[in-house]
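Structure first, then comments.
The values are calculated or read from the model by the stated rules, or taken from the named source; none is laboratory data. Keep in mind it's a predicted model, so treat the numbers as computed, not measured. Neighbour counts are summed over all protein chains in view; Cβ atoms, including those assigned to glycine, are modelled from backbone coordinates with ideal geometry. Just so you know, the surface numbers come from the protein's heavy atoms only, side chains and all, with ligands and any DNA or RNA stripped out. Shrake-Rupley method; radii C 1.70, N 1.55, O 1.52, S 1.80 Å.
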Amino acid sequence: MKKRLLRTLSMVLCAIFIASCGTSNDSKVALLETGNTVTNEISSVHTQEDTLNDIEEDMVVDAGNSEIEAEQLEVDMTAFGTEEYQYDDFIYIKSLDGVSASITSYTGTAAVLTVPEIIEGSKVTEIGERAFNKNTSLIGITLPDGVKKIGDSAFYGCENLTFINLPKSLYSIDRYAFYECRSLTFITLPENLTELGSNCFGHCNSIASMTIPNSVTVIPDGLFWMCSTLGKVTFPESLAAIGEDAFIKCINLTSINIPDSVQTIGNGAFEGCESLRDIILPEGLTEISESMLSGCISLTQINIPSDVTTIQRSAFSGCSGFKTFEIPASVTTFGDSVFYGCTGLQEIVLPDTITALGDSVFYGCTSLSKIVLPSGVSEIPRYFLSGCSSLTSITIPASVTALRENCLDINGLRAVIFEGTPPSVWEYNAVNTSATLYYNYGVEGWKNTAWTAPETNTEYNTKPIFEYNLLTGTTASITRYNGIAVDVVVPETIDGFTVTEIGKEAFVGCTHVKSVVLPDTVVTIGPSAFEDCSSLSSIVLSEKLTTIKYFAFYDCGHLSEINFPASLNELGTKAFGKCTSLVSASFAGNPPELWDDDVFYNAKDNFALLYVNNASVWQNFTAQDSYRVLSKESFKSQLKQTESIYIY
């Protein structure tokens, strides 16, 4: 541009000079004034030229990779004409200065082709839009050094193209450039490449692996759309973002390691990657995007980064390989259908940091049998647990004030345990009517035996979680546990009364209960209180316990140890009879004064009584059943010597 302007100005000056010969003085004056104006223009041009030179120098100095950036800028600024020329089977256009050429079409039928570096004096710097579009003859092609850009859809639909040699000069591949090149097998991206267009390798069903150059910072949308043979991708540490649907339905992809430099991953980025078994997400990620890993049926576990605050709609829907799922405490928001159709998911704990839950989050999770809801949510959304046919019980936090349509309409749901007052909003089919609603005594709004839901007027059976009888004006005895929790914590007070006793047969036959913690207010465990709790493996006794009546823990076959407080004074007949897994009973104090027959009837053969203090008293103690009496320390030493797996 500068040269053309200077040439034009020179011609004007020559014309002025020639015209001045043979003209009048007045005309000469006018021409001289014109000449001065032109001279000023020339001076201005020189000034602009100097400025442009300065800019070019700054570009070279400032750029970290100056030569590449200067070449890219040169191509970006290249203006091509519209007139087409033909050279052999190549149709091309020239840049306005004639220095560069862009291939716009190829009319030949060669199977293996080398594009010339120079065409009629112009250097080939670009493969234009649709230049080889749907060329079915082409099997292999080599692009010359100097090509810097491959245009939109340049090789779209070249279904027999097997290999392409790309030059080091290449820095940009535009969108859909190799879309539906189904036979493309051999391609290596050059190290200077900085730009990849959306879907440029979509449906390339023969590519097995790909290494993204270090100069690339963004994986565009749909880059490897449905590349069914792609099994390995190596990302650069410079990568900052992965676009939407970038690897959607890459069904042969088994492992992905995303560098920590990546800050965003677009919607559906790995959706439908059925063979994906392992994925490492970047530590700085703050959001799991919509459908990001939907349909990844081979994925069995994933580590959610600790900075993630939001899990968007359908993020893991259809991931049937998950059995458990750990959600970090950083997460505050769950979108709709996050685990929709995760048929293998068995249990999950939602952290208390979550304040918003979407609709249908666990819809169709047919194996889900245990879920812990966050304590701060105000509503259970529509269809939240619909179709979770293995879920028999659920606890509703006290914070919940609304149950939305079909949120707990679950066949097989037997118990819904409410920690607070009845929700004021109870929409259509919110809870399956076959379920019993359990509540805590003293919480307003509930009625024993029957209760009618607001709005829908649906009637439900209701029961208190713990039933009780008064012992005195201030103390109570638990007479029945109605809940179906596997881990039970008995409250210190019930309906305002202090719990001092676990009454006769209070937990009898509760075969689902695995652990029980008693408050330190309990002083008595009544007859058969825990009889036939066949799954009970852990019991934490009250520090003030004085009495354990007959058959209290009879036939608790999973109970392996028991630790008695120093306050214990009475052990009833067969209190621990048929506890066939019981290895030891440890006493913090002296032997109880009342020790009935067969307290530990049918315990394990190596069963022992263990003492912690008062060795002299215990060494002189002889129980009616002649149990071994050892210090706890010596018993542990014996276990270690025999390499027992029993742990204290």
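List of remarks:
- Loop-located chymotrypsin sites (Phe, Trp or Tyr not before Pro) in region 392-439 whose Cβ has at most 13 other Cβ within 10 Å (DSSP): Tyr428
- Ligands, DNA and RNA excluded, the heavy atoms of Glu287 present near 70 Å² of accessible surface to a 1.4 Å solvent probe.
- Members of Lys232/Lys370; Lys544/Lys578; Lys323/Lys632 lying beyond 30 Å, as alpha-carbon distances in this model show: Lys232/Lys370; Lys323/Lys632
- Antiparallel beta bridges, as assigned by DSSP with both residues in the chain, represent about 20 percent of the total such bridges.
- Cβ-based net charge around Ser515, under 14 Å, with every Lys or Arg adding one and every Asp or Glu removing one: -1
- Estimated FRET transfer efficiency when R0 is 25 angstrom, pair Ala111-Thr229 (beta carbons, to 0.05): 0.65
- Whether region 256-361 is rounded, prolate or oblate, judged on the alpha carbon gyration tensor where a/c under 1.5 counts as rounded: rounded
- Each stretch of four or more DSSP H residues adds -39500 (n - 2.57); spread over every residue of the chain, this sum gives -4500 deg cm²/dmol at 222 nm.
- Region 323-375 shape via C-alpha gyration tensor axes, a/c threshold 1.5: oblate
- Counted over region 367-474, the DSSP beta bridges are approximately 20% antiparallel.
- Protein accessible area in the chain, 1.4 Å probe - carbon and sulfur %: 47
- Thr324 accessible area, 1.4 Å probe, all protein chains in place, Å² to nearest 10: 80
- Spin-label model distance (nm) - Phe163 vs Ser390, 7 Å beyond Cα toward Cβ: 5.1
- Proximal charge balance of Gly526 [Cβ under 9 Å; K/R count +1, D/E count -1]: 0
- When DSSP beta bridges are restricted to pairs lying wholly in region 478-598, around 10% turn out antiparallel.
- Computed from the C-beta positions of Thr264 and Leu470, the FRET efficiency with R₀ = 51 Å rounds to 0.25.
- Summarising the label geometry, the points placed 7 Å from Cα in the beta-carbon direction at Ala240 and Glu459 lie 6.6 nm from one another.
- Surface exposure of region 105-155, expressed per residue as accessible area with a 1.4 Å probe, stands at 39 Å².
- For Lys94, the solvent-accessible surface with a 1.4 Å probe is about 60 Å², rounded to the nearest 10.
- For Cα extents along the principal axes in Å, calculated from these coordinates, the label among (1) 89, 59, 46; (2) 143, 59, 47; (3) 85, 69, 47: (2)
- Net charge over other residues, Cβ less than 15 angstrom from the Cβ of Arg414 (K, R count +1; D, E count -1): +1
- The slack in the chain from Ser424 to Ile280, taken as 0.36 nm per residue of separation less the alpha-carbon distance, amounts to 47.5 nm.
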